[in-house]
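The values are calculated or read from the model by the stated rules, or taken from the named source; none is laboratory data. Small disclaimer: the values here were computed from a predicted structure and weren't measured. Here the Cβ positions follow ideal geometry from the backbone for every residue, glycine too, while neighbour counts run over all protein chains shown.
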Amino acid sequence: MNFDPFILSFKLAALTAFILFCISLPLAWYLSQTKSRAKPFLEAITALPIVLPPSVLGFYTLWALSYNSPIGAFFEDTFGVKLVFSFTGLVVASCFYSLPFMVQPLQNGFESINKNMLEASYIAGKSKLQTIFAVALPNMKPAVMTAIIVTFAHTVGEFGVVLMVGGSIPGETKVASVAIYEMVETMDYTAAHIYSALMIAISFVVLLSVYLFNARQNRRFGL
């Protein structure tokens, strides 16, 4: 049994979660603190991947990353990086697809923090950056854990977007979900059962770890 697709899926999920955490942290902070009238529009744009069919998101991502678009042409001509049918392209597509699963838990975590704690931090002379890392994040560990783990698990389970953008290149873009699809197409049901069972087990363990961590934190703080 070839487990390379699983290794590739985990690599993709880990990179996506790391990149999205770095991008989503300031975005989630802004959305949690702003009073701007544009906030609902930003939240709607951020949440679009949740409701958009993967085929629609995959199509526009494929177009945006292809050589026919200014973005794809710029990266290929300037850096020699091909974004379509490559692992790099999968990472970019996964960041679009999993964005709301990182942003929303972080935003909810920031919004749940007592405003007096933030004000006290500012009065003590700490900057916004120091307040985020020294005050906010330590007091919203369940939200941070939920955001990272759910984003990781969601990326591992991607299919439509990664298939359209990356195709099925062994060792490059053939992730676990694509491998299962091909096994079913070729009627290799035994291998499909094994891969699918592993995906179910991984998803269950990931979600269980989130709930156990959150329950432990709630007991710790008497919630």
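Numbers at a glance
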item: Pick from the range 106-135, criterion of a type outside the set (S, T, N, Q) and surrounded by 20 or more Cβ atoms within 10 Å (Cβ to Cβ), ranking: nearest to P170 (Cα to Cα); result: L106
item: Breaking point among (1) part of a loop (DSSP other than H, G, I, E, B); (2) surrounded by 17 or more Cβ atoms within 10 Å (Cβ to Cβ), for N2; result: (2)
item: Residue among V103, V84 that is surrounded by 21 or more Cβ atoms within 10 Å (Cβ to Cβ), modelled with pLDDT of 90 or more and within 30 Å of G171 (Cβ to Cβ); result: V84
item: Long-range neighbours under 6 Å by Cβ, at least six apart or interchain, first residue more than 14 Å from L12 (Cα to Cα) within the range 162-179, second outside any helix (DSSP H, G or I); result: G167/F85; G167/T173; S168/K174
item: Residues of the range 91-141 satisfying the condition of being more than 21 Å from the chain's Cα centre (by Cα) and among the acidic types (D, E); result: E119
item: Subset of the range 8-28 [within 14 Å of S177 (Cβ to Cβ) and among the aliphatic types (A, V, I, L, M)]; result: L8, L12, A13
item: Positions within the range 171-218 being out of contact with any helix residue (DSSP H, G or I) (no Cβ under 8 Å at 6 or more places or on another chain), surrounded by 11 or more Cβ atoms within 10 Å (Cβ to Cβ) and small (G, A, S), in sequence order; result: A215
item: Subset of the range 18-61 [outside any helix (DSSP H, G or I), of a type outside the set (A, V, I, L, M) and farther than 23 Å from G166 by Cβ]; result: T34, K35, S36, R37
